[in-house]
Amino acid sequence: WTVPSDWNSANNSIEAIGAGGNGASTLNGAGGGGGEYRKATNVTLTASSTININIPAGGAGAAAAGAWLKDNSSTIVVEAKNGDNANNTVGGAGGSGGTGAAANNNGGAGGASNSGRGGGGGAGGPNGVGGAGANGTGGNPTGGGGGAANGGGNGAGGTLGVTPNGGANRLGSGAGVGATSNNVAGGDGSNGGGGGGAWGGTANGGAGSTDAIWTDNSG
């Protein structure tokens, strides 16, 4: 990454979010964990120099390098850790323990499986920790809702005859609606909300969504 020519080492911030973990690929697998958020401020860099950054792929897992940036001496000054991948019926842990501690919020844990698929955890963000994915349950509905990102809520658990919605975003909306009948997929989240849980069969849970927290003028 090329440091801008007008870089001010006394007035800057660098923010990073780790990759989310994969859910287990088994029929009733657990959910992956959400990535950690980290922010470093007033980092000393040489204007117009070239430094190294790392952007991890989704599913990289907690043992892999997170999202990081190194300074001109090749020292990591900010790293947001990845959420972990699910292990069969055990949900992945949310990302935590990175570098650059001016501000940090952990990712949400993925939901476990109990004869039903667990929801994925949401990513942390500048407004708060990621919401946890709900545990899957036996009976109908079976899938747990996904956690919301950036200070949003936890996913709802599926209980007999009750639809498992995703977590609402930090403004209290955007939750994906849980499936309303057998073999129906969950609804997608919006504006940082988590996806709704599926109901039985091989239907998928809803997709999580992106919370727009930066603009083109952010730097």
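The values are calculated or read from the model by the stated rules, or taken from the named source; none is laboratory data. All values reported here derive from a predicted model rather than from experimental measurement. Counting neighbours? That spans all protein chains shown, and the Cβs are built from the backbone with ideal geometry, glycine included. Quick note on the areas: whole protein, heavy atoms, side chains included, nothing else; ligands and nucleic acids left out. Shrake-Rupley method; radii C 1.70, N 1.55, O 1.52, S 1.80 Å.
Looking at Ala62, Ala24, Ala80, just one residue is at pLDDT below 95, among the small types (Gly, Ala, Ser) and either within 30 Å of Asn183 (Cα to Cα) or buried (at least 17 other Cβ atoms within 10 Å of the Cβ) (or both), and that residue is Ala24. Note on region 35-57: residues that are in contact with a strand residue (DSSP E or B) (Cβ under 9 Å, 6 or more places away or on another chain) and open to solvent by less than 70 Å² (accessible area, probe 1.4 Å) amount to 13. Of all the numbered requirements in (1) modelled with pLDDT under 95; (2) surrounded by fewer than 21 Cβ atoms within 10 Å (Cβ to Cβ); (3) under 22 Å from Gly92 (Cα atoms), Val184 misses one, and that requirement is (3). Filtered by the rule that a residue be in contact with a strand residue (DSSP E or B) (Cβ under 7 Å, 6 or more places away or on another chain) and at pLDDT 85 or above, region 199-219 gives a lone residue, Asp211. For region 1-14, the set of residues classified as in a strand (DSSP E or B) and either modelled with pLDDT of 95 or more or open to solvent by less than 50 Å² (accessible area, probe 1.4 Å) (or both) consists of Thr2, Ile14, listed by residue number.
Within the span defined as region 152-172, every residue fails to be part of a loop (DSSP other than H, G, I, E, B), touching a Phe, Trp or Tyr at 6+ places or on another chain (Cβ under 9 Å), open to solvent by less than 40 Å² (accessible area, probe 1.4 Å) and among the polar types (S, T, N, Q).
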